[in-house]
Amino acid sequence: MTSYRPDALIASDISAYLQLHQNKSLLRFITCGSVDDGKSTLIGRLLYDSKMIFEDQLASLEADSKRVGTQGGEIDFALLVDGLAAEREQGITIDVAYRFFATEKRKFIVADTPGHEQYTRNMVTGASTADLAVILIDARKGVLTQTRRHSYLCHLLGIRHIVLAVNKMDLIGYDQAAYDAIVEEYRAFAESIGITVFTPIPISGFKGDNITGTSPNTMWYTGPALLQHLESVEIDADADAARPFRLPVQWVNRPNLDFRGFAGLIAAGTIKPGDKVRILPSGQTTSVARIVALGGDKAEAVAGESVTLTLADEVDCSRGDVIAAADAPPQVADQFQATIVWMDQAEMLPGRAYWLKLGTQTVSATVQPPRHAVCVNTMAELSVKTLGLNDIGVAEVYTDRGVVFEPYAESKDLGGFILIDKATNATVAAGMLNFALRRAQNVHWQATEINREAHARQKHQAPRLLWFTGFSGSGKSTIANLVEKRLHALGKHSFLLDGDNVRHGLNKDLGFTDADRIENIRRVGEVAKLMTDAGLIVLTAFISPFRAERELVRRMLPEGEFFEIFIDTPLDVAEERDVKGLYKKARAGEIANFTGISSPYEAPEAPEIRVDTTRETPEEAAERIVETIMGGWSPVI
């Protein structure tokens, strides 16, 4: 392979250098596989042999190589690989390290990802934007579990170009029979997960065999060298441009009253002034007035460009909306089947509300118990109740409002999402939307003439949800009962939902695991919402240990209707009371998942009302609660 030096071309003809790079295609690829399969060594060899080290390191690497005695300013391969190894030792490549290089034919971005199973999430990050995957196998070890895992994830993430790089051939004497056996074993696995085409190459990253040119040590191999394949593999760069137009709105640009533009990166298609577009999820239609870019107005824009569109009509459009071709819009739904890769040490909690981020859209979402998890060794579908770190499973996802989407197989931009823990802001999962559930399309909200306002007027009161939370034995039920007696005496229409009572009927199928506690509160929240819709003042007395679920219920109701009442009784005081004998049993190990003993309680951070039962009697607390919720409201709406 003929190579060139960018510094020489830059010095002699900068215009030629820029023109040369502007017209080159770009290939994004990932190196993956098991630990110590030789990923960093391979990348070092590619960088060294192509002589196209990314420009910000070129000068320093040349200076270092001269200091260690290499001739003619050549970069010492050992020095380069040592540098990559040092990064690994420092933990740098535990995250995704991106390398940039180029040859005369193509530019490359390679994602160097860790091989450790616990860092599968980092591999998913690198693979999510890759066109091609180089899956390395140590020729001495053959196909391993991590080989299968990474291959399955690459296929799942839509990578259709796979290179099977059987590395360290020098350590097995370039044995063709061993190489063929590995390829056949991998082929059988690949076919089982839907990979029908892949390119096997026998290589030695350390010796350089079949990296940039075919090696005399493998005369029996007739295929291309790795870099030759990377330069020639055909990537359909125009596929996105050929699809219907999609622009997820990132922000609304309004520098003055005369200009209102909608900015974002075009995910698919082509757009021109005058084209008809549809704003989703609202469904409003209009047309494009102008396409504004950094250099001025454009006559046309295509996928991959960042632009600002102005529209012919004043339509409601904001961040998270999608501007799409009017005659071929994407779907909108709030219930989906999705494939999920769990990335957090803490297990997924079915029913727990997470933030779901898809493109520029962010919504609240709950994940239902998985339909199954996938065993990466056998591809068997396993029955599971939840997903743990690095598990891959299929589950239903419900969002709190309609999401503009396309199946991941059709669009990574509108089909791929992440889940974010609301409490920690940590990314806990990556997912791919497979399809909308049919029931989400068949079930529609039925409007009724007697609405919640009419019910409230009839009862001469404003609806309220008084949510009592605290440890077992804190006094929730006692105080809630006194509050309801006071409201009843005042002629108010109310209803008390008690935790123990509800578990005798509606929730008798639920236990006390974290997942069951979450479902318990979700159901109670839905029932309480229906009761407030009927104009009632609803009181609930539940431990409800998790903030996320209490916030989920708060968001079900209109602003100002949810009152979180924290019965702030210290654990030792609640345990001293122990009127039901539960703490004693929990301490003895007879009750599992008991709040405060073997299961956590997340105290409210800013409750509407806080009651310290060590300083206030139940009667005093009840009177103060009634005065607080009655204060400032009109008895007749």
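So the values come out like this:
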read-out	value
Filter result (of a type outside the set (Asp, Glu) and not in a loop (DSSP other than H, G, I, E, B)) within the stretch 402-416	Gly402, Val403, Val404, Phe405, Lys412, Leu414, Gly415, Gly416
Any hit, the stretch 291-301, residues being basic (Lys, Arg) and within 18 Å of Asp321 (Cβ to Cβ)	no
Filter pass, Ile625 being out of contact with any helix residue (DSSP H, G or I) (no Cβ under 7 Å at 6 or more places or on another chain), part of a helix (DSSP H, G or I), surrounded by 13 or more Cβ atoms within 10 Å (Cβ to Cβ) and in contact (Cβ under 8 Å) with a residue 60 or more places away in the chain	no
Near pairs, Cβ below 8 angstrom, 6+ apart or cross-chain, from the stretch 434-452 (farther than 23 Å from Ala409 by Cβ and of a type in the set (D, E, K, R)) to any residue that is modelled with pLDDT of 65 or more and not in a helix (DSSP H, G or I)	Arg452/Pro463; Arg452/Ala534; Arg452/Gly535
Qualifying residue in the stretch 493-511 (condition: in contact with a helix residue (DSSP H, G or I) (Cβ under 7 Å, 6 or more places away or on another chain), buried (at least 16 other Cβ atoms within 10 Å of the Cβ), modelled with pLDDT of 90 or more and among the polar types (S, T, N, Q))	yes
Thr339 open to solvent by less than 20 Å² (accessible area, probe 1.4 Å), without any contact (Cβ under 8 Å) to a residue 60 or more places away in the chain and in a strand (DSSP E or B)	no
Filter result for Ile543 (under 22 Å from Thr614 (Cα atoms), open to solvent by 20 Å² or more (accessible area, probe 1.4 Å), in contact with a strand residue (DSSP E or B) (Cβ under 6 Å, 6 or more places away or on another chain) and touching a residue at least 12 places away in the same chain (Cβ under 8 Å))	yes
Some residue of the stretch 271-287 being surrounded by fewer than 16 Cβ atoms within 10 Å (Cβ to Cβ) and acidic (Asp, Glu)	no
Count - residues of the stretch 347-370 that are out of contact with any Lys or Arg (no Cβ under 7 Å at 6 or more places or on another chain), farther than 12 Å from Asp391 by Cα and not in a strand (DSSP E or B)	5
Qualifying residue in the stretch 212-224 (condition: among the small types (Gly, Ala, Ser), touching a residue at least 60 places away in the same chain (Cβ under 8 Å) and over 13 Å from Val143 (Cβ atoms))	yes
Residue check for Phe435: open to solvent by 40 Å² or more (accessible area, probe 1.4 Å), over 13 Å from Met348 (Cβ atoms) and not in a loop (DSSP other than H, G, I, E, B)	yes
Tally of residues being part of a helix (DSSP H, G or I), of a type in the set (Gly, Ala, Ser) and open to solvent by 20 Å² or more (accessible area, probe 1.4 Å) across the stretch 166-213	5
Residues of the stretch 573-592 that turn out to be part of a loop (DSSP other than H, G, I, E, B) and either free of Cβ contacts under 8 Å to residues at least 24 places away in the same chain or surrounded by 14 or more Cβ atoms within 10 Å (Cβ to Cβ) (or both), as a count	6
Any hit, the stretch 600-621, residues being of a type in the set (Gly, Ala, Ser), in contact with a Gly (Cβ under 9 Å, 6 or more places away or on another chain), modelled with pLDDT of 90 or more and loosely packed, with under 15 Cβ neighbours inside 10 Å	yes
Selection count where residues are over 37 Å from the mean Cα position of the chain (by Cα), under 23 Å from Asp36 (Cβ atoms) and assigned to a helix (DSSP H, G or I), scope the stretch 214-242	2
Test set (1) touching a residue at least 24 places away in the same chain (Cβ under 8 Å); (2) open to solvent by less than 30 Å² (accessible area, probe 1.4 Å); (3) not in a loop (DSSP other than H, G, I, E, B) - Ala373 fails condition number	(1)
Condition met for Ala326 (free of Cβ contacts under 8 Å to residues at least 40 places away in the same chain and not basic (Lys, Arg))	no
Candidate set from the stretch 1-50 (those that are among the aliphatic types (A, V, I, L, M) and modelled with pLDDT of 85 or more); member that is surrounded by the most Cβ atoms within 10 Å (Cβ to Cβ)	Ile30
Residue within the stretch 335-353 that is within 30 Å of Arg523 (Cα to Cα) and basic (Lys, Arg) present	yes
Pairs with Cβ under 8 Å, 6+ apart, first in the stretch 230-252 and without any contact (Cβ under 8 Å) to a residue 24 or more places away in the chain and open to solvent by 20 Å² or more (accessible area, probe 1.4 Å), second in a loop (DSSP other than H, G, I, E, B) and among the aliphatic types (A, V, I, L, M)	none
Failed condition for Gly535, given (1) in a loop (DSSP other than H, G, I, E, B); (2) under 29 Å from Ala456 (Cα atoms); (3) of a type outside the set (Val, Ile, Thr); (4) out of contact with any His (no Cβ under 7 Å at 6 or more places or on another chain)	(4)
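The values are calculated or read from the model by the stated rules, or taken from the named source; none is laboratory data. For clarity, every value in this text was computed on a predicted model and none was experimentally measured. Every residue, glycine as well, gets a Cβ built from its backbone with ideal geometry; the counts of neighbours run over all protein chains shown. With ligands, DNA and RNA removed, areas are computed over all heavy atoms of the protein, side chains included. Shrake-Rupley method; radii C 1.70, N 1.55, O 1.52, S 1.80 Å.
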